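Report on the structure given below.
The values are calculated or read from the model by the stated rules, or taken from the named source; none is laboratory data. All values derive from a computational prediction rather than experimental measurement. Don't worry about glycine lacking a Cβ; one is built from the backbone with ideal geometry, like all the others, and counts go over all protein chains shown. When the accessible area is computed, the model is the full protein with side chains, heavy atoms only, and any ligands, DNA or RNA have been set aside. Shrake-Rupley method; radii C 1.70, N 1.55, O 1.52, S 1.80 Å.
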Amino acid sequence: MKRILCVLLGLLSVGSLASPPITEQVLTRENVRKLGFSVTVEVSPEATSVKIVGPKSINGNCYPGRSGNALMDKAGNELTTYVTQLTSSQVAPVAFGYYTSNETNMSVWLDYFCPPDQAKNSRRFVVPSVAEYLITSLGSGQ
């Protein structure tokens, strides 16, 4: 029984080695439009919200498959993470984030997955810190 379990675990680990990790592309004020995205951040006394809208595909054959956000403390430690599987659609993909405390921050992303033979081109387009995105936006006068 132990041998069978070891063989099965070995096969599972080989499969996980075969799929490359997704590469992150940080969305900034400088590159967001060039990459085909839009980022909207709204700040009110009650909350800060962020919305990322992405293209329907990248590289012609890589499609959105997940959106997500992570609530973080001031030190950047994740407090909660929420991930949504996206379904194929003719509508541009959207990722949302919303937080209510000045003591927290948020990361928001969209994941695009390519066919298996081009998996290395899969990308996560991410705003890793909404607070930093706001600061750089104010600093650039946009």
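Restricting to region 107-130, name every residue that is within 18 Å of the chain's Cα centre (by Cα) and either β-branched (V, I, T) or open to solvent by 40 Å² or more (accessible area, probe 1.4 Å) (or both).
Residues satisfying the conditions are V108, F113, K120, N121, R123, R124, V126, V127, P128, V130.
Yes/no matrix, rows are residues, columns are (1) among the aliphatic types (A, V, I, L, M); (2) in contact with a Cys (Cβ under 6 Å, 6 or more places away or on another chain); (3) assigned to a strand (DSSP E or B); (4) under 17 Å from S49 (Cβ atoms):
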| position | (1), (2), (3), (4) |
| --- | --- |
| A92 | yes, no, no, no |
| S101 | no, no, no, yes |
| D111 | no, no, yes, no |
| T136 | no, no, no, no |
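Which count do you get for residues in region 92-106 that are surrounded by fewer than 21 Cβ atoms within 10 Å (Cβ to Cβ), more than 11 Å from R66 (Cα to Cα), touching a residue at least 12 places away in the same chain (Cβ under 8 Å) and not aromatic (F, W, Y)?
Total meeting the criteria: 4.
Sort through E24, E103, E30, E46 and tell me the only one that's at pLDDT 95 or above and acidic (D, E).
From the options E24, E103, E30, E46, the qualifying one is E24.
Where residues in region 59-77 are open to solvent by 100 Å² or more (accessible area, probe 1.4 Å) and farther than 17 Å from T48 by Cβ, which of them is farthest from the chain's Cα centre (by Cα)?
Taking the candidates together, the pick is N59.
In region 25-78, what residues are in contact (Cβ under 8 Å) with a residue 40 or more places away in the chain and of a type in the set (V, I, T)?
Once the filter is applied, which keeps residues that are in contact (Cβ under 8 Å) with a residue 40 or more places away in the chain and of a type in the set (V, I, T), region 25-78 yields V26, T28, V39, V41, V43, T48, V50, I52, V53, I58.
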